[in-house]
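These notes are about the structure you will find just below.
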There are 2 protein chains.
Amino acid sequence: MFKKTDKGFISKYQPVIYTTDAVIFTLPPPEIASEPVVIVYRRADEKEPYFDRWALPGGMVRTNDDANDRAACERVIREKLGFPPSYLEQLQTFSGAGRDPRGWSSSVVYFTLLPWKELANWWASKPNAQLLPLSAIRKSMVSLAFDHDEILRVAIERIQAKAHYSTLPCMLLPERFTVAQMHGMYEALQGRPINMAAFRRKVEKLDFLTKVSGVFEGGAQRPAQVYRMKHREPALFDRGL
Amino acid sequence: MFKKTDKGFISKYQPVIYTTDAVIFTLPPPEIASEPVVIVYRRADEKEPYFDRWALPGGMVRTNDDANDRAACERVIREKLGFPPSYLEQLQTFSGAGRDPRGWSSSVVYFTLLPWKELANWWASKPNAQLLPLSAIRKSMVSLAFDHDEILRVAIERIQAKAHYSTLPCMLLPERFTVAQMHGMYEALQGRPINMAAFRRKVEKLDFLTKVSGVFEGGAQRPAQVYRMKHREPALFDRGL
């Protein structure tokens, strides 16, 4: 099955183009976008195939340097954004003969959720990037390189499921937030209205928020309590939202 | 980054040993095992590395024949068991420089749940296989080739999570079963006792079973209703079990 060469063992089959891609979710401030977005880059000069098309940030796994595919994805994100992601979860591997004109390819895809605070400097540097609103992706209004539309579909499905039973989406919020802000983001991620009273009850029952004492937001007549999360790690709701 | 050769485009990095492995869960009859098991094979003659060690069924992805990694895994299962799996879900990709002594390798791992009925002929043919009980895996009583212990740990974590909120585990049951049988299997998959009265309530609420009229099991004094699933596709409990 294998023969040994100076480049290591080589399979008798055509080698796999082995890559990684990242789905980066974030929630920009209202003046930039009114809902959660995904970051895509324009494929730069001489980057064939799909030159000039929008694509998820990604790249070859460097088997000479990268310890594994997670490390490769962290490197790709660090190269693009300037810092490694604090959270990274494997989404799925997409592979096959048809997804890259160069040959049989595989991409191990990870996703992360980053608060805008960490991305503000990157965005201010005017990167060759675009922020795709979730609603536009859901309505198939985007057309990315490779099978990245399909990857986004699976990523949104995953985040939607996680928004149903975990506090993972709170990673997108600023450090201090109101329950109304949190509720709005859950609605955006799930792509459907969520009853506010029931939402508030479930959030209270899970007991993962701490009141930030003395801080209220909103008009003087209806001040809203501000909270922060007790832990960074996501917690699970006993019952779906 | 790539150069074109007669074998297609070759990366300047060492090629990845690109494989797939399958975690096959099943529930044998009581005379064979008293709990759900995973199928492992002994690595046959000349199959280095890890010759003679137990391993998950797997193999190279054949980029010349396999359309994608799912098709490769289906082929591997078909070759081992004689039929393709009716259900196959991607578990995770495991990769890196250290997991295979031949070089940087990647395995896209899938899992399936098969009722024993489909496996009875295969088992009767005395394959070079072993059935690992979940409790033995949980107690780290097994030591498989490559990183397959780690793969099993992740697979059991996944099935445990799915057993918490979905009817997926029912795929392991025979076509007709009692709620007590179902309850016992959920306990085995989750590795913890589950309150029977609450379990029965949640099962009834989900309304995914049909009574098989006239069929009762057990002693004459305490007959138990026998059911079958309304649909093959797994359903989700609104609330964790």
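The values are calculated or read from the model by the stated rules, or taken from the named source; none is laboratory data. Quantities reported herein were computed from a predicted structural model and do not represent experimental measurements. Here the Cβ is made from the backbone with ideal geometry for all residues, glycine too, and neighbour counts use every protein chain on show.
Criterion first (in contact with an Asp or Glu (Cβ under 8 Å, 6 or more places away or on another chain), outside the structural domain of A:THR93 (by TED's automatic domain parsing), polar (S, T, N, Q) and buried (at least 18 other Cβ atoms within 10 Å of the Cβ)) does A:THR178 satisfy it?
Numbers: in contact with an Asp or Glu (Cβ under 8 Å, 6 or more places away or on another chain): yes; outside the structural domain of A:THR93 (by TED's automatic domain parsing): yes; polar (S, T, N, Q): yes; buried (at least 18 other Cβ atoms within 10 Å of the Cβ): yes.
The answer is yes for A:THR178.
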Pull up the range A:222-237, narrow it to residues that are hydrophobic (A, V, I, L, M, F, W, C) and away from chain B (no Cβ under 14 Å), then point me to the one that is farthest from A:LEU206 (Cα to Cα).
A:ALA224
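Within the range B:141-155, does at least one residue satisfy the condition of being closer than 25 Å to B:VAL108 by Cα and modelled with pLDDT under 90? Please lay out each step first, then the result.
Filtering the range B:141-155 for residues closer than 25 Å to B:VAL108 by Cα gives B:141-155.
With modelled with pLDDT under 90 added as a condition, the list becomes B:141-142.
Taking every residue of the range B:141-155 in turn, at least one turns out to be closer than 25 Å to B:VAL108 by Cα and modelled with pLDDT under 90.
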What's the number of the only condition in (1) without any contact (Cβ under 8 Å) to a residue 40 or more places away in the chain; (2) more than 13 Å from chain A (Cβ to nearest Cβ); (3) more than 26 Å from A:VAL154 (Cα to Cα); (4) of a type outside the set (A, V, I, L, M, F, W, C) that B:GLY82 fails to meet?
(1)
Test B:ASP21 against the criterion of being modelled with pLDDT of 95 or more and in contact with a His (Cβ under 8 Å, 6 or more places away or on another chain), and give yes or no.
yes
Answer yes or no: is there a residue in the range A:100-120 that is surrounded by fewer than 16 Cβ atoms within 10 Å (Cβ to Cβ), touching a strand residue (DSSP E or B) at 6+ places or on another chain (Cβ under 8 Å) and part of a strand (DSSP E or B).
no
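Tell me which residues, restricted to the range A:35-79, are more than 10 Å from chain B (Cβ to nearest Cβ), of a type in the set (A, V, I, L, M) and under 24 Å from B:ARG70 (Cβ atoms).
The answer is A:ALA55, A:LEU56.
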Select from the range B:151-206 the residues that are part of a helix (DSSP H, G or I) and among the hydroxyl-bearing types (Ser, Thr, Tyr) and list them in ascending order.
B:TYR165, B:TYR186
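Out of the residues in the range A:47-74 that are touching a Pro at 6+ places or on another chain (Cβ under 8 Å) and of a type outside the set (S, T, N, Q), state the one that is surrounded by the most Cβ atoms within 10 Å (Cβ to Cβ).
Here is the first cut: in the range A:47-74, the ones touching a Pro at 6+ places or on another chain (Cβ under 8 Å) are A:49, A:63, A:74.
From the residues that got through so far, the ones that are of a type outside the set (S, T, N, Q) too are A:49, A:74.
Details: A:PRO49: 11, A:GLU74: 20.
Result: A:GLU74.
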